[in-house]
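Participant: Just dropping this structure here.
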Amino acid sequence: MSDDEVPEKIWAIVVAGGDGRRFGSAKQFLELGGISVLERSVTAARSVANAVVAVLPASFINDRSLHGGADVVTAGGSDRAASVRAGLSVIPDDVEIIIVHDAARPLATAELFYAVVAALEEGVAGAIPGVGLTDTIKRVEDRRIVETLDRDGLVAVQTPQAFRADSLRAAHARGDSATDDAALLERAGAQIVVVPGESRNIKLTDPRDVETALRYLRELESGGTA
């Protein structure tokens, strides 16, 4: 996708509002290869977005050195959905496409950002990356296996996720919570499409993920494919 194919008035929200309680520290400010997790995510988002909003914990808002190069920063909310809504509140009304990306996925490539935007064809409200499942998936209740799910048609979802701005705003106007924004649009009956995700686009959820991310980063920088 060339630059002249990218629609104008695209903004991105990089969600980095967590306090790092599960991780053990504020992982969005952790350095990977000398660049912070947040800055890597902001830079990737800027490859397709005209401007980037970083949603941070309120205690970090006034420290410009921690903004990761974002154009606008705002304080996050009580959960992920509330943090996205905080980001939406500072985006101009005439923006046409909004990308939402988790800062904790610092290895998402510019190509993936382009892919989700390019998939927003007429009638499509959102586009998200997904990767096929390789493990056997079982549903468990009270430690007992109640069902083995067919992996065909199942994907593990990633960010960045791109949306028509009006559809994303309408979905969030209901005030619901969800683990990703696509789920909110699904509830409203909006059409969401899936593009191929990237195997190295991991989410940093545990300190052990950092070593994996550093290894993937070295591979990407040496020209390896995702």
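The values are calculated or read from the model by the stated rules, or taken from the named source; none is laboratory data. None of these values were measured; they are calculated from a predicted model. FYI the Cβ positions are ideal-geometry reconstructions off the backbone, even for glycines, and counts take in every protein chain you see.
Participant: Being outside any helix (DSSP H, G or I) and not acidic (Asp, Glu), is that true of even one residue in region 210-221?
Facilitator: No.
Participant: Something else: For residues that are among the aliphatic types (A, V, I, L, M) and within 12 Å of the chain's Cα centre (by Cα), scanning just region 85-113, find the one that is farthest from VAL73 (Cα to Cα).
Facilitator: Filtering region 85-113 for residues that are among the aliphatic types (A, V, I, L, M) and within 12 Å of the chain's Cα centre (by Cα), the one farthest from VAL73 (Cα to Cα) comes out as LEU112.
Participant: Take the residues in region 57-78 that are among the hydrophobic types (A, V, I, L, M, F, W, C) and assigned to a loop (DSSP other than H, G, I, E, B); name whichever of them is surrounded by the most Cβ atoms within 10 Å (Cβ to Cβ).
Facilitator: From region 57-78, those among the hydrophobic types (A, V, I, L, M, F, W, C) are 58, 60-61, 66, 70, 72-73, 75; that's our starting set.
Now restrict to residues that are assigned to a loop (DSSP other than H, G, I, E, B): 61, 70.
Values: ILE61: 16, ALA70: 25.
If we take residues in region 57-78 being among the hydrophobic types (A, V, I, L, M, F, W, C) and assigned to a loop (DSSP other than H, G, I, E, B), then ALA70 is surrounded by the most Cβ atoms within 10 Å (Cβ to Cβ).
Participant: Six or more apart or on different chains, Cβ under 8 Å: which pairs go from a residue in region 78-91 that's over 13 Å from ASP102 (Cβ atoms) to one that's part of a helix (DSSP H, G or I) and at pLDDT 95 or above? Could you list them?
Facilitator: Pairs found: ARG85/HIS172; LEU88/LEU168; LEU88/ARG169; LEU88/HIS172; ILE91/ALA165.
Participant: On to the next question. Select from region 163-207 the residues that are under 16 Å from ILE98 (Cα atoms), assigned to a strand (DSSP E or B), aliphatic (A, V, I, L, M) and touching a Gly at 6+ places or on another chain (Cβ under 7 Å) and list them in ascending order.
Facilitator: Answer for region 163-207, where residues must be under 16 Å from ILE98 (Cα atoms), assigned to a strand (DSSP E or B), aliphatic (A, V, I, L, M) and touching a Gly at 6+ places or on another chain (Cβ under 7 Å): just ILE192.
Participant: Of all residues in region 46-98, how many are among the charged types (D, E, K, R) and closer than 14 Å to VAL15 by Cβ?
Facilitator: 3
Participant: Follow-up. At least 2 residues that are in contact (Cβ under 8 Å) with a residue 40 or more places away in the chain in each: list the strands (runs of 3 or more DSSP E) lying fully within region 97-141 that qualify. Working first, answer last.
Facilitator: On the way: elements: 97-102, 126-132, 137-141.
In region 97-141, the matching strands (runs of 3 or more DSSP E) lie at 97-102, 126-132.
Participant: Here's another thing I want to ask about it. Please give the number of the condition ALA103 fails out of (1) in contact with a Gly (Cβ under 7 Å, 6 or more places away or on another chain); (2) surrounded by 19 or more Cβ atoms within 10 Å (Cβ to Cβ).
Facilitator: Of (1) in contact with a Gly (Cβ under 7 Å, 6 or more places away or on another chain); (2) surrounded by 19 or more Cβ atoms within 10 Å (Cβ to Cβ), only one is false for ALA103: (1).
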